[in-house]
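The values are calculated or read from the model by the stated rules, or taken from the named source; none is laboratory data. As the structure is a prediction and not an experimental result, all values here were calculated from the model. Glycine gets a Cβ as well: all are built from the backbone with ideal geometry, and neighbour counts include every protein chain shown. These accessible areas exclude ligands, DNA and RNA; they are computed on the full protein's heavy atoms, side chains included. Shrake-Rupley method; radii C 1.70, N 1.55, O 1.52, S 1.80 Å.
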Amino acid sequence: MSHQKSEEVSKTSRRDGHTSDDRESAATSGLSLVPISLPLEPVFSRRRMLNVAGALANSLVVFYATNKLFGRHQKLVQALESSFFVRTARELFERLIARAPKRLDTFDCALLSLAALILCRRLFRLYTYLTGPKLADRFMGSAVKFLSRFVPAVRKEVEKKNREAVADMEKSLVQPTEQSFVELPPQGMKSEEVMRLIDSRTAGETAWKGGKVSGAVYHCEESLMKVAADVNAKYLLSNPLHPDLFPSLRQMEAEVVAMVVSLFNGDSDCCGSVTSGGTESILLAMKSYREWGRVVKGIEKPEVIASVCVHAAFDKAADYFGMKLIKVAIDPVTSEIDLKQVRAALSCNTVALVGSCPHFPHGTIDPIEELAEIARRHQLGLHVDACLGSFLVSTMDAAGFPLPPFDFRVPGVTSISCDPHKYGFAPKGTSVLMFRDAGLRTFQFFTCPEWTGGIYASPTIAGSRPGALVASTWAVMLSMGYKGYVNSCKTIVACARRIAERISAGDVPGIRLVGRPDVSVVAFTSDALPIYAISEAMSKKFHWHLNSLQSPNAVHLCVTLAVAQKSEMAFIENLRESVALVAANPREWVTGGAAIYGMAQGVPQELVSDLIGQYFTVLYTPFVAGEKEKEGAEALEGRAREAK
Ligand SMILES: Cc1ncc(COP(=O)(O)O)c(C=O)c1O
């Protein structure tokens, strides 16, 4: 199969629209030693023309001013003086001067000009602030913060709300333990003791195995877990940073990339690397486009265009790498990115477009072929985020759920991210970032040839990396095989489609679908009842862990193998009962997550950010066992000794 595929693929690559001349010109441009599929900018692009015009105007001003000052090139200076621009500028200036009070001398005039420039800059900043996103929200946030500083009553109220939120978080996140460690134990503990602690700490931690969790844990197959654990143990101390010490690991990593590239129909030019997760793949893809834009197009303020449903990892990348992420609207019915808005958002600073395959909130696949067409026409990168779709989207055709092309078969797709740690069923901590060619991938690497510790280079964000994850991912992929993934895709996608069909057929009165569930995510909301309260009822009463979405308020179920195998039948029944419970008494269910989301919607974003800060404080604060817990631990130990 793979041979057949690679033949098809090589045909595809010849159809990819980038001529070998493009590649050669890039290769010989001195930018990189390897060919690059993203073409170089045409000589007469709009951006270049604007740049040239700007530079010409600047030079003319300098030429005119200096020659006028030193009395050189009189003829040219006279010609410039009689030109429309200089005449108008002179007229304006003279009018201003004529009005200026007579006591102003030349120095004052220069000073005034400088002040005018500074004022213009300030005004421009004010304009961008006023026309920026969510002005009212930012204003309210700053106002509440300001008031809480100086008005004791407001401060008290904000503090009270914060305390309540923190208490809520502690209640749901911090689990008491019989023994806690905030310092090293004075003596090393025996491994049996350590294991006993682990057993006691994980005794009640079984929710993730029950098949009622949306995403997060993508399978619960004992045999796969065993393979991963065995291989993990063998490579526990390995580190891909030292390929000379672990040559077998180097081969495995290269094979993981090659296998994923082949799933996404890449040809022999396509390449990639293993990263720690979807977020790191996205960060590196964005960094690569930033560098490519800077080196090849001379863009200093790079912009990326994506839909409002794109994963937050792109916001993170924009934040980390000083890029601008322009988010455009989605179609209100299908949730696909709005192509008209993409075209309208293009600018001379755009370096890349992003298409999700599918996106996290509503599970809809963006129109990748159309995005690729725009990217090609404007010579931009196109990143396809298949982190979530991963091994599902790449096997859906074979599983009987055909999709329009979304991968390297589409000319114009220049990079793809895919997470084996999601539907590839690998242990957490692996993603693959692929590029159409090695030339683009070079922009992802970091090198520091002059470091006193030796020539340093690392392909991804981390330095040392867990080789055990690469090896166990490789082992899981071999254990599953192509057929294994096709079968799991059949089970998962069929389950998601059945659930979506029942909701759209009105099987759960009051609930309607949000977006188009293309793969495994089914998003829904209610027009009559608070959807977060319904989600809370699903959690408290039926132990479902669903994801809360916003703008619009909704909830989704990301179907995993465990959900499909264990809980599909229960889902619709539980949802129907939850709707009835909330309809009977909506207030009863506005607690926990529903309360936090409800509150977050009512307060400005800035205050929500403060709350999130508190959330992290709760996460990093260990529970300290008190006397009660210690007594319990001692009693347990005593019983264990007696049993021995
Ligand atoms: C579409 C999409 N992209 C990226 C990510 C980020 O992946 P990770 O959590 O592995 O960093 C996710 C995670 O759910 C996702 O759904």
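List of remarks:
- Cα-Cα pairs of segment 422-483 separated by more than 13 Å (percent): 72 percent
- Per residue, the chain exposes an accessible area of 55 Å² to a 1.4 Å probe, with every protein chain left in place.
- Largest first and in whole Å, the equivalent-ellipsoid semi-axes of segment 176-250 read 28, 24, 12, each the square root of five times a Cα gyration tensor eigenvalue.
- Relative to the longest principal axis of the Cα atoms of the chain, the long axis of helix 191-202 makes an angle of roughly 80 degrees.
- Calculated P(r) tail over 34 Å for segment 248-479, as whole % of Cα pairs: 11 percent
- Degrees between helix 2-14 axis and first principal axis of the chain (Cα, 0 to 90, nearest 10): 20 degrees
- Cα-based equivalent ellipsoid, segment 294-347: semi-axes from gyration tensor eigenvalues, Å: 23, 14, 6
- All Cα pairs of segment 482-605, percent lying beyond 25 Å: 23 percent
- Chain lengthening between residue 183 and residue 236 when straightened (0.36 nm per residue, less Cα-Cα): 16.6 nm
- Protection-proxy order for peptides 81-88, 269-276, each taking the mean of Cβ atoms within 10 Å per residue, highest first: 269-276, 81-88
- Helix 46-70 vs. the chain, principal-axis angle (Cα, 0 to 90°, nearest 10): 40 degrees
- Pairwise Cα inverse-distance average, inverted: Kirkwood Rh of segment 230-278 (Å): 12.1 Å
- Antiparallel DSSP beta bridges within the chain, as percent of all bridges there, nearest 5: 55 percent
- Distribution of pairwise C-alpha distances over the chain, 20 Å bins, in %: 15, 42, 31, 10, 2, 0
- Ranked packing of 238-245, 157-164, 49-56, most packed first, by mean Cβ within 10 Å: 238-245, 157-164, 49-56
- log₁₀ of I(q)/I(0) at q = 0.23, 0.24 Å⁻¹ - segment 46-119, Debye sum with one point per alpha carbon: -1.18, -1.19
- Debye intensity ratio in log₁₀ form over the Cα atoms of segment 239-324, taken at each q of 0.20, 0.23 Å⁻¹: -1.03, -1.10
- From the C-alpha gyration tensor of segment 364-508, square roots of 5λ in Å: 33, 22, 12
- In this rough spin-label picture, where each label sits 7 Å from Cα along the Cβ direction, the residue 527-residue 175 distance is 4.2 nm.
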